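Quick one: this structure, given as structure tokens, is what I'll be asking you about.
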Amino acid sequence: MTQRTLSIIKPDAVEARKTGAIVSRLEEEGFKVVAMKRIHLTRAQAEGFYAEHKGRGFFDELCTFMSRGPIVVMALEREDAVAKYREVIGATDPAKAAAGTIRKLYGSNVGENAVHGSDKPETAVREIGYFFAGFEV
Ligand code: ADP
Ligand code: MG
């Protein structure tokens, strides 16, 4: 079934000028970019996006990281997009990610891991709605 997922190229990968390489890889993997923008989140906007992680030990570090520089946000479409995207990015910790995955290639550590991906189809709908207005997707 055709499905959508939210992708974020995080500040570390944007700083390292890996945006093009990552978008190119995602297109090669069969994803259609249905919406895309580059933005610099405020701290409050980062906290809002990661609200589910509030209270976890890494929440503060995560929100500081995600608001330290521009990110590139995309709504991606493909068959089985959520699961397929997570396969292409690899495990949260780049050290544990499979060879050839985006996090293995471009991530530095469990916090600065190059990209975000939705974890479930319902989450994807909410996350796409956080960044894009209805007429943009
Ligand atoms: P994923 O992004 O793979 O879905 P989580 O939803 O568990 O992973 O965590 C969200 C983000 O929080 C991760 O992508 C990473 O940037 C950061 N993070 C997760 N675990 C840690 C940790 N132990 N220490 C620092 N940052 C972390
Ligand atoms: Mg997650």
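Go through (1) touching a strand residue (DSSP E or B) at 6+ places or on another chain (Cβ under 9 Å); (2) closer than 23 Å to Arg126 by Cβ; (3) assigned to a loop (DSSP other than H, G, I, E, B) one by one and return the number of the condition Gly55 breaks.
(1)
If you go through the stretch 127-136 one residue at a time, do you hit one that is within 26 Å of Thr2 (Cα to Cα), open to solvent by less than 60 Å² (accessible area, probe 1.4 Å) and within 14 Å of ligand 2 (Cβ to nearest atom)?
Yes: one or more hits.
Follow-up question, since we're still on this one. Check the stretch 115-131 and report whether any residue there is assigned to a helix (DSSP H, G or I), more than 14 Å from the chain's Cα centre (by Cα) and within 10 Å of ligand 1 (Cβ to nearest atom).
No, the stretch 115-131 contains no residue that is assigned to a helix (DSSP H, G or I), more than 14 Å from the chain's Cα centre (by Cα) and within 10 Å of ligand 1 (Cβ to nearest atom).
Still on this model: Select from the stretch 1-16 the residues that are open to solvent by less than 10 Å² (accessible area, probe 1.4 Å) and part of a strand (DSSP E or B) and list them in ascending order.
Thr5, Leu6, Ser7, Ile8, Ile9
Is there any pair with a first residue in the stretch 97-126 that is more than 16 Å from ligand 2 (Cβ to nearest atom) and a second that is part of a helix (DSSP H, G or I) whose Cβ atoms are under 6 Å apart and which are 6 or more apart or on different chains, and what are they?
As it stands, the answer is Lys104/Pro94; Tyr106/Ala13, since those pairs meet every condition given.
Yes/no matrix, rows are residues, columns are (1) surrounded by 19 or more Cβ atoms within 10 Å (Cβ to Cβ); (2) closer than 18 Å to Ser7 by Cβ:
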position	(1), (2)
Gly30	no, yes
Arg38	no, yes
Ala51	no, no
Phe65	no, yes
Val82	yes, yes
Val88	yes, yes
Ala114	yes, yes
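The values are calculated or read from the model by the stated rules, or taken from the named source; none is laboratory data. These numbers were taken from a predicted model, which means no experiment stands behind them. Every residue, glycine among them, receives a Cβ derived from its backbone with ideal geometry; neighbour counts consider all protein chains shown. Protein only, heavy atoms only, side chains kept; ligands, DNA and RNA dropped before computing areas. Shrake-Rupley method; radii C 1.70, N 1.55, O 1.52, S 1.80 Å.
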